[in-house]
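Provided herewith is a single structure, encoded as structure tokens, for subsequent inquiry.
Taken together, the values in this text are just the output of simple stated rules run on the coordinates, not laboratory data. Given the structure is predicted, the values throughout are model-derived calculations rather than measurements. Every residue, glycine among them, receives a Cβ derived from its backbone with ideal geometry; neighbour counts consider all protein chains shown.
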Amino acid sequence: MKKLICTTLLVETSPQGLPLGAACIASAIKADSRTKDIFSVDLLDFSLEEQEIVLARQNGGEYAVSALLAGRLAQKKPDFVCFSVYVWNRVILEKTCIELKKLLPECVCIAGGPEVTADPLSFCSFDFMIAGQGERAMVELLEAVSSGKEVNVQGVYSKGSDLKGEIVRACPLPPDVTASPYLDGTLDPARYCGALWELARGCPFKCSYCYESKGEKKIAYFPMERLEKEIELFAAKNISQVFVLDPTYNASKERAIKMLKIIEKKAPGMFFYFEARAEFIDRELAHAFSRIPCCLQIGLQSADPEVLKNVHRTLDKKKFTKNIGYLNEEGVTFGFDLIYGLPGDTYRGFCESINFALSLYPNNLELFCLSVLPGTDLHDAAAGFGMEWEKTPPYHVIRTPKFSEKDLAMAEKLADATNLFYTKGRAVAWFNSVLYVLHERADEFLKGFMKWSEANNHSSGSFREWSAEKNSVQIEELQLAYVEKKFREKHLDRFLPAAGDLIRMHSALGRCTYDGTESEFSMHYHPDDIMSEYGTDIEFFTQNCGKQKCRVKVFCGKNGADWRTLK
């Protein structure tokens, strides 16, 4: 039999970083009658977090990593290697292919993935490139090459071929006949402590910055029977978390609720991460989400409807706010995504987007610099917007007519400060309460934190490097110190004991919930009072609740994080 390896380079070894794309290709080859008896298939993934790879990168850069990966692949003496190529691994995998060819000149190297789909003939290292979903095209390509036939497969391009006209993508394999890499044993979710779970392919929207912008604007769902078997496998493997791959999970409310009921029944203790659209959330759906442990990530991108029009998105702020209110009422955890550098946006507009987003109490706020990805509608239209961007990964925008280089640098710092103080600092429960007392907007407060942190930063590295090193206890210390500074500047010292207790309690409960860390600390008020419905109204609470100094222990109880006072 011919030996074939499906491989990729991951950013990290985690449920979010597992090699699902490469595994799907491996499963397709193993399942198809035309290839299963001809090829022995292995899945071999690498991670930038591996110690050997980290050291190679530190000592010799990307070339050293590529040489290391090529050496590992060559040891297995494959006849074919299929590379899954993304923005973060393109450069290294191209070099890996070159180094592998030096060691195994006869090895056939094939590349697929989003980067290849965007511009297959921009690759010159690989023998063949597959544009689009690769399960069917890969099998047909392997069948042709292994039998010595001429390769004439839709979506497949060979090195040195002349592309005329638009890129033709491979014809996708219907989800109902696509092999499951989990059910056939190609992927073991236990190895990654979780799973990427593909429920559907395609998207009904055409957001111009997304790879789906040139898709068919329709969704192809995987069969419920297969999904039920996969969720049963996840439960049997006793994994703790699942990241759902469906860019608009709630596009079909009926199917979304049906799937949530299956999850509730078959995996009640597992935590799920969904991508959802706020405009499709109603009270019934919010309640269904509340019945399982989960978090929704919602792509807001900008709070300016005019900016969103430029990237083929819409926003009804009143409806958005109303629907997010259903999630808050039901106690559903959710977060928002925002992008800075969008065409037509400004630094001031980005700040207003932060203010709008944080006013709705998201659990996290993910802030990204715009990437003008090849193969998207935005890439085709960017020059018309007067945008300049990097022509190599990660394709970040450099400047726009309304968002200068200096503004983008400030936006990046503000994003880092927001991530540190709000998201990593788990500040959702008290952040707006503090702003209310200070009479400040979120962006003003966070800009002040950024400047204060930089002034007190004794590290020789950047703000991002400095903030990345902070653990949850250190972040709490920063939060308390900065809040104290702000309150004293505005002569609001009388509210500091309540504000400090509120921060300490929620920080301790957060650590206990997320990593099981127990803690003891002193408080000015009784913890039952601080954690009551009145605790977040700092002014009212200070004026109406008597102090009761005590020592508090936060611990892991039978039903999660709990507390008690100590004598």
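Go ahead and estimate [θ] at 222 nm for the chain from helices alone: -39,500 (n - 2.57) per DSSP H run with n ≥ 4, summed, over the residue count, rounded to 500.
-12500 deg cm²/dmol
Hey, another quick one. In degrees from 0 to 90, rounded to the nearest 10, what is the angle of the helix 51-75 Cα long axis to the longest principal axis of the chain?
Between helix and principal axis, roughly 30 degrees.
Once phi is turned into ³J(HN,Hα) by the Karplus curve 6.51 cos²θ - 1.76 cosθ + 1.60 with θ = phi - 60°, what whole-Hz value does each residue of segment 362-369 show in order, with x for glycine and proline?
So the J values, rounded to whole Hz, are x, 5, 8, 10, 9, 10, 10, 6.
If you average the sequence gap of Cα pairs under 8 Å that are 6 or more apart and divide by the length of the chain, what percent do you get for the contact order?
Once normalised by length, the contact order is 8 percent.
So if I place +1 on the C-beta of Lys and Arg and -1 on the C-beta of Asp and Glu, and nothing else carries charge, what would the dipole magnitude of the chain be about its Cα centre? I want it in debye, nearest 20.
On the way: 69 positive and 77 negative charges, 105 e Å.
It works out to roughly 500 debye.
Where both partners of a DSSP beta bridge lie in segment 60-161, what percent of those bridges are antiparallel, to the nearest 5?
Among the beta bridges of segment 60-161, antiparallel pairing accounts for roughly 30 percent.
Moving on to the next point. Kindly express, to the nearest 10 degrees and within the range 0 to 90, the angle between helix 442-455's C-alpha long axis and the longest C-alpha principal axis of the chain.
90 degrees
Can you tell me the length gained on complete extension of the stretch residue 489 to residue 122, counting 0.36 nm per residue apart and subtracting the Cα distance? Please report the intermediate quantities before stating the final value.
Details: separation 367, 0.36 × 367 = 132.12 nm, distance 5.68 nm.
Full extension of this stretch gives 126.4 nm more.
Also, quick follow-up: What are the extents of the Cα atoms of segment 360-440 along their three principal axes, listed from largest to smallest and rounded to whole Å?
Rounded to whole Å, the extents work out to 46, 22, 19 Å.
Which value in nm describes the separation of the simple spin-label points at residue 464 and residue 451, placed 7 Å from the Cα toward the beta carbon?
Between residue 464 and residue 451, the simple spin-label model gives 2.3 nm.
In this model, which of 237/265; 424/451; 218/253; 95/217; 95/391; 413/470 are farther than 23 Å apart at the alpha-carbon? Numbers along the way, then the final one.
Details: 237/265 16 Å; 424/451 18 Å; 218/253 16 Å; 95/217 35 Å; 95/391 18 Å; 413/470 16 Å.
Beyond 23 Å between Cα atoms: 95/217.
Continuing with the same structure: When every alpha-carbon pair in segment 225-344 is counted, what percent end up more than 22 Å apart?
Counting every Cα pair in segment 225-344, those more than 22 Å apart make up 38 percent.
Turning to a different aspect of this structure: Straight-line reach only, C-alpha to C-alpha below 18 angstrom: list the aspartates and glutamates that residue 402 could link to, leaving out same-chain residues fewer than 8 apart.
Within the straight-line limit of under 18 Å, residue 402 reaches these aspartates and glutamates: 304, 306, 345, 352, 388, 390, 412.
When the Karplus curve 6.51 cos²θ - 1.76 cosθ + 1.60 is applied with θ = phi - 60°, which whole-Hz ³J(HN,Hα) does each residue of segment 287-297 get, with x for Gly and Pro?
Rounded to whole hertz, the list is 5, 5, 5, 5, 7, 10, x, 7, 9, 9, 9.
From a point 7 Å beyond the Cα of residue 40 in the direction of its Cβ, which residues of segment 66-97 have a backbone N at a distance under 12 Å?
Within reach of a label on residue 40, which here means backbone N under 12 Å from a point 7 Å along Cα→Cβ, segment 66-97 contributes 76-79.
Please give, to one decimal in nm, the separation of the simple spin-label points placed at residue 368 and residue 391, each 7 Å out from Cα toward the Cβ.
With each label point 7 Å from Cα toward Cβ, the separation is 2.4 nm.
Still on this structure, I have one more. For the residue pair residue 52 and residue 229, what label-to-label distance in nm results when each label sits 7 Å from Cα along the Cα-to-beta-carbon direction?
According to this spin-label approximation, the distance is 3.5 nm.
Over segment 47-170, with a single point scatterer placed on each C-alpha, what log10 of the ratio I(q)/I(0) does the Debye formula yield at q = 0.10, 0.13 1/Å?
Listed by q, the Debye log ratios stand at -0.32, -0.53.
How large is ³J(HN,Hα), in whole Hz, for each residue of segment 85-97 in order, when computed from phi with the Karplus curve 6.51 cos²θ - 1.76 cosθ + 1.60 and θ = phi - 60°, using x for Gly and Pro?
10, 10, 4, 6, 10, 4, 4, 5, 5, 4, 5, 4, 4
Can you give the Rg and Dmax of the chain based on its C-alpha atoms, in angstrom?
Rg then Dmax for the chain, in Å: 25.7, 85.
Continuing with the same structure: Compute the Rg to Rh ratio over segment 120-217 from the alpha carbon atoms, using the Kirkwood formula for Rh, and round to two decimal places.
On the way: Rg = 16.1 Å, Rh = 15.9 Å.
Expressed as Rg/Rh, it is 1.01.
Return the long-range amide H neighbours of residue 297 (sequence gap of 5 or more, or a different chain), with a cut-off of under 5 Å between placed amide H atoms.
Long-range HN contacts for residue 297: 274, 275, 276, 335.
How tilted is helix 347-358 with respect to the longest principal axis of the chain? Cα atoms for both, answer in degrees (0 to 90, nearest 10).
70 degrees
Taking segment 6-115, which trypsin sites (Lys or Arg not before Pro) meet the DSSP loop condition and have no more than 16 other C-beta atoms within 10 Å?
Here the sparse-neighbourhood loop sites are 34, 36, 76.
Mind giving me the FRET efficiency for residue 166 and residue 238? R0 is 60 Å, r the Cβ-Cβ distance, nearest 0.05 is fine.
My answer for the efficiency is 0.80.
What percent do you get for the relative contact order of segment 1-46 when only Cα pairs under 8 Å and 6+ apart count?
57 percent
Got the relative contact order for segment 217-283 handy, in percent, Cα pairs under 8 Å and 6 or more residues apart?
Numbers: 51 pairs, mean separation 29.0, N = 67.
Across segment 217-283, relative contact order equals 43 percent.
Search the structure for amide H atoms under 5 Å from the amide H of residue 369, placed 1.01 Å from N in the peptide plane, and list their residues when 5 or more places away or on another chain.
It is 340, by chain and number.
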